[in-house]
Amino acid sequence: MRILITGGAGFLGSHLCDKLLAQGHEVICLDNLFTGSKANIAHLADNPNFEFVRHDVIDPYKYEVDQIYNLACPASPPHYQFNPIKTTKTSVMGAINCLGLAKRVKARVFQASTSEVYGDPSVHPQPESYWGNVNPIGRRSCYDEGKRVAETLFFDYHRENKVDIRIVRIFNTYGPRMHPNDGRVVSNFIVQALKGIDLTIYGDGQQTRSFCYVDDLLEGFVRLMNQTETVGPVNIGNPGEFTMLELAEQVLKLTKSKSRIVHKPLPADDPKQRRPDITLAKKYLKWEPKVQLAEGLKKTITYFKTKV
Ligand code: NAD
Ligand code: UDP
């Protein structure tokens, strides 16, 4: 197949390019390089099945493709809050443009949604049937509400125009090729530990997240895209749940770092807890994560040792 990946030069997108090329597909990677980089896809430059296009998804584009994975959107809180209006435009107009293309060329289209659609969840763990607890006017809203509207658009194009959609709700994912200054917790802690500087825990460190290794996540993407039992949304994430204090301690142990832990103010609306209910992924995709946190952290630390 010929497959378009928007946001293909980012952390997840570049690994998805690798995976789909390895399966023998042609890949068009479309990205404006806001948070992604050419370095993430440099190893693909000579692959005749790979094509990079520098383009912003808020402007329409046309390609004859069989499938579209829509990943374009900054994902780390500091990056999506850098230009919040642009973040909402990227999610909403990016979804409209990619759904318009999917409708025209009859391509199956995949949306990278997020556990942030659940906001600061009052139901725990989070099943797909939970409608969420999202602040519509806060600092995280540009991302959370943008992704929620994108889901709405996907379902309306599906109901009104019979567009063949798939939606995944991604829970915190980590691995090689995260940007060292990305600002997300796993990359921050590893970079800080390797540099021997203080690990910055926001708040008391009792908030929880569930961390999925990138390879596991992408297997879930491809399984969802290539089945016809469900259009989603389907949660993909690792149900192992850790406090930020536990994560910091694991990183210190695995890096054998002498760094100290310091506490910084908790950002507004920071979710207190997050863990995916993956019943639907197990049922429809026969998917569950294989890589445990310590193993995934070791691989990620090995990568960051070459970067810091
Ligand atoms: P990332 O920031 O590394 O990748 C996003 C990519 O999108 C970058 O290459 C960036 O340059 C590109 N991009 C941003 N705005 C664009 C625009 N207007 N036009 C074209 N390209 C644009 O982040 P990631 O972790 O790889 O996330 C990929 C997708 O997965 C995002 O949609 C994100 O919301 C979603 N997601 C990721 C996680 C996670 O834990 N990694 C969790 C939930 C959802
Ligand atoms: N966090 C932290 N120190 C950091 C970066 C993040 O304690 O240096 C916390 C953050 O406040 C949040 C959790 O780690 O509670 C996950 O943050 P991240 O930005 O990785 O993802 P998200 O909040 O979007 O889940």
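Where a number appears in this text, it was derived from the coordinates with a stated rule and is not lab data. Since this is a predicted model, take the numbers as computed values, not measurements. Neighbour counts are summed over all protein chains in view; Cβ atoms, including those assigned to glycine, are modelled from backbone coordinates with ideal geometry.
Quick notes on this structure:
- Rounded Å value of the spacing that divides the Cα centres of segment 72-124 and segment 234-308: 22 Å
- Our coupling estimate for segment 46-51, obtained by passing each phi through the Karplus curve with A = 6.51, B = -1.76, C = 1.60 and θ = phi - 60°, is 8, 7, x, 8, 10, 9 Hz, Gly and Pro reported as x.
- Once each of the trypsin sites (Lys or Arg not before Pro) sitting in a DSSP loop with at most 16 other beta-carbon atoms within 10 Å is removed, the chain keeps 163-255 as its longest stretch.
- Segment 243-308 - charge dipole about Cα centre, Lys and Arg +1 at Cβ, Asp and Glu -1, debye rounded to 20: 320 debye
- The length gained on full extension between Ala45 and Lys298, counted as 0.36 nm times the residue separation minus their Cα-Cα distance, comes to 88.3 nm.
- Hull volume per residue, based on the alpha-carbon atoms of the chain and their convex hull, is 118 Å³.
- Shape category assigned to segment 8-105 from the gyration tensor of Cα positions, a/c cut at 1.5: oblate
- DSSP-loop GluC sites (Glu not before Pro) across segment 203-243, with at most 10 other Cβ within 10 angstrom: Glu229
- Student exercise, the chain dipole from Lys, Arg, Asp, Glu Cβ charges, in Debye to nearest 20: 440 debye
- Largest first, the extents of the alpha carbon coordinates of segment 1-64 on the three principal axes equal 29, 26, 18 Å.
- Farthest positive-ward along segment 177-229 dipole, Cα basis, beta-carbon charges - from Ala193, Asn226, Tyr213: Ala193
- Kirkwood Rh and Cα Rg combined as Rg over Rh, evaluated for segment 147-233: 1.12
- Segment 49-159 - Kirkwood radius from inverse mean 1/r over Cα pairs (Å): 14.8 Å
- Looking at segment 1-103, the GluC sites (Glu not before Pro) that sit in a DSSP loop and have at most 15 other Cβ atoms within 10 Å of their own Cβ are Glu64.
- Summing charges over neighbours of Arg104, with a neighbour being any other residue whose Cβ is under 15 Å away from its Cβ, gives +2 when K and R count +1 and D and E count -1.
- Remark: the Cα gyration tensor places segment 89-152 in the oblate category, a/c being 1.5 or greater and a/b not exceeding b/c.
- Segment 158-308: C-alpha gyration tensor shape, a/c 1.5 cut-off, then a/b vs b/c: prolate
- The Tyr63 and His124 beta-carbon pair, evaluated with R₀ = 51 Å, returns a calculated FRET efficiency of approximately 0.80.
- Taking all Cα pairs closer than 8 Å and separated by 6 or more residues, the relative contact order of the chain comes to 17 percent.
- The chain: calculated mean residue ellipticity at 222 nm from DSSP helix runs of at least 4, using -39500 (n - 2.57): -12000 deg cm²/dmol
- Amide H contacts for Cys212 (H built 1.01 Å from N in the peptide plane; partners 5 or more residues away or on another chain; cut-off under 5 Å): Thr173, Tyr174, Asn238.
- Segment 134-206: relative contact order as a whole-number percent, Cα under 8 Å and 6+ apart: 12 percent
- Residue exposure proxy: Thr208, Thr6, Thr35, Thr200, ordered by other Cβ atoms within 10 angstrom of their Cβ from fewest to most, comes out as Thr200, Thr208, Thr35, Thr6.
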